[in-house]
Amino acid sequence: MINTIMFDFGDVFINLDKKGALEKAKNVLEVDPLEHELISVNTKYEVGGLSSDAFINYYCNRFKHLSKPQIVDLWNSIIVDFPMYRFEFIKDLATSGNYKLILLSNTNAIHIAYVKHIFAQFESFRNCFDYFYLSHEIKLRKPNLDIYQYVIQHSKTNPKNCLFIDDTKENTDAAMRLGFHTWNIDETKQDVTELFDIKRDLF
């Protein structure tokens with residue numbers, strides 16, 4: 001019986017343009033493909049291994065033709081919007097009190113600041129969840145197994161009673177290894193608000 005639902009954030013609640021942002025980064029930074037070092041720095045930032053200032057300074061020193069505001073704008077270009085109807089969905093689900101609700105996101109301080117800027121209800125959104133895990137705050141990231149083990153222990157969640165929703169197959173595959181039910185949502189065809197129709201066999 002499902003008594004806990006754990007959600008990803010990007011392309012589950014907020015819309016992302018991953019492909020467009022990647023192409024823009026390649027063009028602006030004049031690197032194709034993105035160098036391993038850049039990917040490593042980005043990952044380190046996502047787990048709180050770099051401060052926002054250190055992250056921005058790295059890019060400014062590496063790409064001297066870009067200013068700090070340009071770096072931030074480029075970094076935030078992946079974020080499109082936060083549809084209000086999805087906020088209403090999670091708010092109604094929280095109000096029902098039928099499930100323990102968890103958010104588990106690979107993200108970073110700059111992106112969260114930008115989401116707060118474009119979506120004034122962010123704190124109300126956060127308050128819908130019993131547990132709200134952001135990778136840069138807990139210093140762990142998906143799909144590494146230790147982040148799921150952390151959630152299990154910290155939130156006292158039994159994976160057999162939990163559905164995890166994420167748009168990245170690597171992340172849902174890792175969660176399945178620990179016994180979670182999963183929905184690898186296809187954001188191009190599916191919407192989180194269809195949860196109880198698409199996964200009705202679990203409820």
In the stretch 135-194, which residues are small (Gly, Ala, Ser) and either more than 18 Å from the chain's Cα centre (by Cα) or over 13 Å from residue 105 (Cβ atoms) (or both)? 155, 174, 175, 179
Can you name the residue in the stretch 31-50 that is in contact (Cβ under 8 Å) with a residue 12 or more places away in the chain, more than 13 Å from the chain's Cα centre (by Cα) and assigned to a loop (DSSP other than H, G, I, E, B) and is also nearest to residue 156 (Cα to Cα) among such residues? 48
Filter the stretch 174-195 down to the residues that are under 14 Å from residue 143 (Cα atoms) and either part of a strand (DSSP E or B) or aromatic (Phe, Trp, Tyr) (or both) and list them by number. 180, 182, 184
For the stretch 55-92, give me the residue count where each residue is outside any helix (DSSP H, G or I), surrounded by 14 or more Cβ atoms within 10 Å (Cβ to Cβ) and more than 18 Å from the chain's Cα centre (by Cα). 2
Tabulated pairs, the stretch 131-155, first at positive phi, second outside any helix (DSSP H, G or I), C-beta under 7 angstrom, 6+ apart or interchain: 139/47; 139/48
Could you check the stretch 177-197 and list, in sequence order, the residues that are among the hydrophobic types (A, V, I, L, M, F, W, C) and exposed (fewer than 14 other Cβ atoms within 10 Å of the Cβ)? 196
Only one of 164, 132 that is surrounded by 20 or more Cβ atoms within 10 Å (Cβ to Cβ) and either part of a strand (DSSP E or B) or acidic (Asp, Glu) (or both): 164
Can you say whether residue 16 is within 29 Å of residue 188 (Cβ to Cβ), in contact with a strand residue (DSSP E or B) (Cβ under 7 Å, 6 or more places away or on another chain) and at pLDDT 95 or above, as far as the supplied structure shows? yes
Filtering the stretch 138-154 for residues that are of a type in the set (A, V, I, L, M) and in a loop (DSSP other than H, G, I, E, B) leaves a count of 1
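The values are calculated or read from the model by the stated rules, or taken from the named source; none is laboratory data. Note that the structure is a prediction, hence the values are computed from the model and not measured. Because the Cβ atoms are built from the backbone with ideal geometry, glycine has one as well, and the counts that use them run over all protein chains shown.
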